[in-house]
Amino acid sequence: MSDAFCSDCKRQTEVVFDHSAGDTVCSECGLVLESHSIDETSEWRTFANESGDNDPVRVGGPTNPLLTDGGLSTVIAKPNGATGEFLSSSLGRWQNRGSNPDRGLILAFKTIATMSDRLGLVATIKDRANEIYKRVEDQKSSRGRNQDALLAACLYIACRQEDKPRTVKEICSVANGATKKEIGRAKEYIVKQLGLENGQSVEMGTIHAGDFMRRFCSNLGMNNQAVKAAQEAVTKSEEFDIRRSPISIAAAVIYIITQLSDDKKPLKDISLATGVAEGTIRNSYKDLYPHVSKIIPSWYAKEEDLKNLCSP
């Protein structure tokens, strides 16, 4: 029950909704406040232990402009029962005769959606990856190439273009067996093909060490103060000519910040959280060490604390 204003009672009263008649009735005087209301809720209830074959939904998914028919094609399901065998055999042949030309695209889009969900990516990145794959597929030049690597590379490029980059290792972890080298080759191939299509180089977006910082810190369970100090430090590190990859710089900054805090993290844990080898973190730390006093925020660590850092 809910409250509504009753014109007879001249005040807010509790009202009852009569589902069979679609009427909203005042619980005190019985006045019908609204009649023939449309119930917009579903007429069924779904339980977790119900079989997937008894899906009561009578509508399809949303339209997809990347598919030929907008994703609105009809699929004949196989019915159950004695007559189902006859129907499935006859209708099944018609279903196969009118095969969907977008079957390959639909499977590819499902794979991209699965990888996106496992990485926790937003829908805009998934849609961008679908668009990139469709453009490559339209050129009919990807036949014989590793499909899993192509799809993973599309997702990697989409993350870069949407300013939410992921490392190749992170993409590789959900890429159905594709290796880093295969994904790298597929990425170069896609960039080349899209460049030929547009007649100009493809904009990939610039990677900054700060793009990975919050996620890496979250993986390590660092507190808010340490995360804030790490973000400030990695921003200041861009002012110096440190010729290391952004991911390596991010890992080295995290190592410095944790060494200056009470909750020190071993190098092995940082390597696991960032996907950067321990030796690479040590070398990046060696390059950052001469600039530590200018990189680390003064509110986070004093001069004496910086002197206590182990020399590389």
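The values are calculated or read from the model by the stated rules, or taken from the named source; none is laboratory data. Here the structure is a predicted model, which means the values were calculated and not measured. Virtual Cβ from ideal backbone geometry, glycine too; neighbours counted across all protein chains shown. What goes into the accessible areas is simple: the full protein's heavy atoms, side chains included, and nothing from ligands, DNA or RNA. Shrake-Rupley method; radii C 1.70, N 1.55, O 1.52, S 1.80 Å.
Per-structure values
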quantity	calculated
Cβ-derived FRET efficiency at R0 41 Å, Lys264 paired with Gln139, nearest 0.05	0.20
Value of Rg/Rh across region 267-306 [Cα atoms, Kirkwood radius]	1.06
For region 273-284, 3J(HN,Hα) per residue [Karplus equation, 6.51 cos²θ - 1.76 cosθ + 1.60, θ = phi - 60°, Hz, x = Gly/Pro]	6, 9, x, 9, 5, 4, x, 5, 5, 4, 5, 5
For region 125-169 versus region 218-245, the gap between their alpha-carbon centres in whole angstrom	29
Test item: Cα-centred dipole of region 210-308, Lys/Arg +1 and Asp/Glu -1 on Cβ, debye	160
Region 210-308, accessible surface, carbon-and-sulfur percent (1.4 angstrom probe)	44
Rg/Rg_globular for region 138-208, with Rg_globular taken as 2.2 N^0.38 Å and Rg from C-alpha atoms	1.07
For region 203-257, convex hull volume per residue from C-alpha positions, Å³	81
Compactness index (Cα Rg / 2.2 N^0.38 Å), region 210-308	0.94
Residues in region 246-266 reached by a label modelled at Ser298 [backbone nitrogen below 11 Å; 7 Å Cα→Cβ]	none
Square roots of 5 times each gyration tensor eigenvalue, C-alpha, region 98-245, largest first, Å	32, 18, 13
Rough spin-label spacing in nm, given labels placed 7 Å along Cα→Cβ, for Asp3 and Arg118	5.2
Phi-based couplings in Hz for region 232-240 (Karplus 6.51, -1.76, 1.60; Gly and Pro marked x)	5, 5, 6, 5, 5, 5, 5, 6, 10
